[in-house]
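Accompanying notes for the structure given below.
Please treat every number below as a calculation from the coordinates, not as lab data. Just so you know, these numbers come straight off a predicted model, no measurement behind them. Neighbour counts are summed over all protein chains in view; Cβ atoms, including those assigned to glycine, are modelled from backbone coordinates with ideal geometry.
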């Protein structure tokens with residue numbers, strides 16, 4: 001095993017110890033694995049870590065352009081590499097984060113497609129009505145009610161523990177990116193769904209996770225994504241919906257009904273207000289659509 005491959009493995013192990021989301025670890029493992037493969041000649045060894053200079057990384061980035069990868073994918077790969085080099089610097093195996101010396105491809109600023117409040121509530125009502133026969137319908141409904149009712153990331157949802165629930169006050173203790181904790185309220189619909197699920201929740205001894213899989217262990221983010229995709233396709237008739245769609249809807253619907261932008265920032269756990277401000281653009285786009293349809297002089 002080469003030194004580069006060994007350090008990639010150690011880096012991924014560190015991410016797991018730090019409780020980085022499983023989705024992020026899998027993406028970084030894939031990106032760094034491809035990076036290692038590119039620099040590994042057939043039957044030979046990849047270059048040493050200190051041989052990976054700016055010119056080598058620009059060559060690698062050029063290969064990504066040649067393969068016509070989307071800018072979003074390239075940005076993620078560069079982010080993975082930058083994080084890896086920060087790890088190498090902490091291990092005294094690199095002096096400079098050379099991944100920061102290459103320019104990150106610009107991604108197009110696309111506004112997220114947001115379902116209407118009527119569409120979101122119709123989907124949740126259909127799930128509650130048992131339109132799809134499933135082994136754990138109470139769990140599935142609670143998942144959707146918290147995704148839409150609290151605007152949680154999927155990693156935050158599956159990371160919830162029983163101790164994080166304030167069932168009397170209708171609050172959740174949520175662990176977001178960078179291990180930052182925040183408190184998020186939930187409403188009566190989510191409270192009812194959560195209580196019904198907890199009354200039938202199976203569990204292995206000493207299992208602390210709120211949401212469990214069919215074996216009684218913590219539900220993975222991949223498992224939760226699969227549940228959302230299944231209902232979105234078979235009940236909602238829209239396979240493009242994913243867990244983050246409900247987070248977008250949560251923020252946009254709050255903003256449309258007059259919620260303060262900074263309050264929404266706190267609820268979402270965004271570090272920067274600029275990240276939350278994209279929802280004002282979504283609302284303005286919707287507003288222009290209403291104007292164009294309704295105003296006689298539009």
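If one computes P(r) from the Cα atoms of the range 60-130, what percent of pairs lie at distances over 14 Å?
Working: 1767 of 2485 pairs.
Above the 14 Å cut-off, the range 60-130 has 71 percent of its Cα pairs.
Rank 248, 270, 214 by mean-square fluctuation in a GNM of the chain with C-alpha springs under 10 angstrom and give only the top-ranked residue.
Comparing 248, 270, 214 in the GNM, the peak value goes to 214.
How much of the calculated P(r) for the range 143-198 lies past 15 Å, in percent of all Cα pairs?
Of all Cα-Cα pairs in the range 143-198, 40 percent lie more than 15 Å apart.
Short version: what are the Cα gyration tensor semi-axes of the range 89-201, square root of 5 times each eigenvalue, largest first, in whole Å?
Over the Cα atoms of the range 89-201, the ellipsoid semi-axes are 36, 21, 13 Å.
So what's Rg/Rh here for the chain, counting alpha carbon atoms and using the Kirkwood radius for Rh?
My calculation puts Rg/Rh at 1.02.
Need one number for the range 1-103: average projected area of the convex hull over its C-alpha atoms, nm².
If I average the Cα hull's projected area over directions, I get 6.5 nm².
What residue among 148, 65, 197 has the largest mean-square fluctuation in a Gaussian network model of the chain, using Cα springs under 10 Å?
65
Please report the Cα spread of the range 117-292 along all three principal axes, rounded to whole Å, starting with the longest.
Its Cα atoms span 55, 35, 28 Å along the three principal axes.
Measure out, as a whole number of angstrom, how far apart the alpha-carbon centroids of the range 125-201 and the range 206-272 sit.
Result: 9 Å between the Cα centres.
Given the rule -39500 (n - 2.57) for each run of at least 4 DSSP H residues, summed and divided by the residues of the chain, what is its mean residue ellipticity at 222 nm, to the nearest 500 deg cm²/dmol?
Estimated from H runs of four or more residues: -17500 deg cm²/dmol.
Sort 123, 255 by Cβ crowding within 10 Å, fewest neighbours at the top.
Numbers: 123 22, 255 19.
The most exposed by this proxy come first: 255, 123.
Taking the 0 to 90 degree range and rounding to the nearest ten, how far is the long axis of helix 137-150 tilted relative to the main principal axis of the chain, both from C-alpha atoms?
80
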